[in-house]
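First comes the structure, then the notes that go with it.
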Amino acid sequence: MAYKITDDCSGCGGCEPECPNQAIHGTDTIYVIDPEKCTECVGFYPESRCWMVCGMSAPVQDPARKESREDLLAKFAKLNPGKTPV
Ligand code: SF4
């Protein structure tokens, strides 16, 4: 499941530089995750970085976007050609 950012987002922007896939973009008030770029951090980290750094717990898994680990690894490979997942 890709992550999405809920209305609990304070707009601090702390998550944006933490995303290894550059999936997070925003303005001064709200940040959003591009689900086509979010791998749940699969391939990079054992847990979601945006969720870990957010003091508001605003990033959550999006149940509308169910993906298996294999799906997420395939997305990782497409987004990061030549890179070995950890
Ligand atoms: Fe980026 Fe990971 Fe958050 Fe997805 S879960 S938006 S890949 S930091």
Residue-by-residue Karplus 3J(HN,Hα) for segment 26-38, coefficients 6.51, -1.76, 1.60, Hz, glycine and proline x: x, 10, 6, 10, 8, 10, 10, 10, 7, x, 6, 10, 7
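Please compute the contact order of segment 28-85 in relative form: average sequence separation of alpha-carbon pairs under 8 Å and at least six residues apart, divided by the residue count, as a percent.
41 percent
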Accessible-area ranking of 70, 47, largest first, probe 1.4 Å: 70, 47
Angle in degrees between helix 69-79 and the longest Cα principal axis of the chain, rounded to the nearest 10: 90 degrees
Residue 19 accessible area, assembled protein chains, probe 1.4 Å, Å²: 20 Å²
Kirkwood hydrodynamic radius of the chain, Cα pairs, Å: 12.9 Å
Rounded percent of accessible protein surface that carbon and sulfur make up, the chain, 1.4 Å probe: 53 percent
Computed E for residue 78/residue 57 - FRET, C-beta separation, R0 35 angstrom, nearest 0.05: 0.75
Lysines whose Cα lies under 17 Å from that of residue 78, excluding same-chain neighbours fewer than 8 positions away: 37
Cysteines (scope the chain) whose Cβ has no counterpart Cys Cβ under 4.7 Å: 9, 12, 19, 38, 41, 54
Where segment 47-86 is the region considered: accessible area per residue in Å², 1.4 Å probe: 70 Å²
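The values are calculated or read from the model by the stated rules, or taken from the named source; none is laboratory data. Every value quoted in this text rests on a predicted model; they were computed, and no experiment measured them. Counting neighbours? That spans all protein chains shown, and the Cβs are built from the backbone with ideal geometry, glycine included. The accessibility values were calculated without ligands, DNA or RNA, using every heavy atom of the protein model including side chains. Shrake-Rupley method; radii C 1.70, N 1.55, O 1.52, S 1.80 Å.
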